[in-house]
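The values are calculated or read from the model by the stated rules, or taken from the named source; none is laboratory data. None of these values were measured; they are calculated from a predicted model. Cβ sites come from the backbone with ideal geometry, for glycine too, and all protein chains shown count toward neighbours.
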Amino acid sequence: MLKEYSSRLMDALEVLERGIFGINDLKREFEYRANKLVNQQALIACLILPLILITIYTINGSGLVGKSIAETSPTESFLRMFVASFVTVTLGIVLNVGFKFLWYQDYLPAGKTAKQQKLMPEFAKEVRPKIQEVEAVLNDEAVSHPKLPEEFINFNALDRIAQYEANGQADCFEEAVRLLKEEENPLLTQAQKEKLVHQYQELKNEEI
């Protein structure tokens, strides 16, 4: 009886851990994809404006096109284009940093929050099965109303309880708990179930 119950609780702990890790992985993926959309948007914006400016400069003021080309020496043309290219690259870098900051902080339309809202339906669809799996475990009587104190619902303690029964040292929960307390092993008092449930509730209630 002790072995079967311990195995049942260990399976529940594994599902809890797997669910928490899965939800965390999805949240990291969700955050990465939202950031990627903002970065792509900032990159496009920081490329377009400098290109427009250098095009206007090349046509109107560089002396590299039109009648003024004959009046411009090769050295002067090189220096003008070098300076224009340097300014364009520098402006692009500054604009990229600036646009990222403004969109990440939602100071401009179509910022990070808008990207997250766009991705939210897909994220909710992916995370729902993991939440349902964890909720099913939490509603299991063995987890919601355990026969053991919370501090002994962890992998190490449950494994020890199964060993007690196999070795004939205990045939009831009271005796198993007494033996666990006598061992005074800090590894056996991790309160893992309580910890995992708390982590899951924080994940579930946390705003992304």
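Things to note:
- Selected residue (only one of Gln190, Gln199 is under 19 Å from Asp11 (Cα atoms), outside any helix (DSSP H, G or I) and modelled with pLDDT under 75): Gln190
- Flag if Thr90 is within 23 Å of Ile52 (Cβ to Cβ) and either in contact with an Asp or Glu (Cβ under 7 Å, 6 or more places away or on another chain) or of a type outside the set (A, V, I, L, M) (or both): yes
- Selection of region 132-170 for residues being touching a residue at least 60 places away in the same chain (Cβ under 8 Å) and more than 16 Å from Asp11 (Cα to Cα) yields Tyr164, Glu165, Ala166, Ala170.
- Residue-level check: of (1) under 30 Å from Gly168 (Cα atoms); (2) at pLDDT 75 or above, Ile56 misses just (1).
- In region 87-104, the count of residues that are charged (D, E, K, R) and exposed (fewer than 13 other Cβ atoms within 10 Å of the Cβ) is zero.
- With respect to the conditions (1) over 18 Å from Ile44 (Cβ atoms); (2) charged (D, E, K, R); (3) surrounded by fewer than 17 Cβ atoms within 10 Å (Cβ to Cβ); (4) out of contact with any Gly (no Cβ under 6 Å at 6 or more places or on another chain), Glu151 falls short on a single one, namely (3).
- Residue pairs whose Cβ atoms lie under 8 Å apart, separated by 6 or more positions or on different chains, with the first residue in region 29-45 and within 13 Å of Asn96 (Cα to Cα) and the second charged (D, E, K, R), are Val38/Lys100; Val38/Lys112; Val38/Lys115; Asn39/Lys100; Ala42/Lys100.
- Members of region 161-187 found to be part of a loop (DSSP other than H, G, I, E, B), more than 40 Å from the chain's Cα centre (by Cα) and either modelled with pLDDT under 60 or surrounded by fewer than 16 Cβ atoms within 10 Å (Cβ to Cβ) (or both), listed by number: Asn167, Gly168, Gln169, Asp171, Cys172
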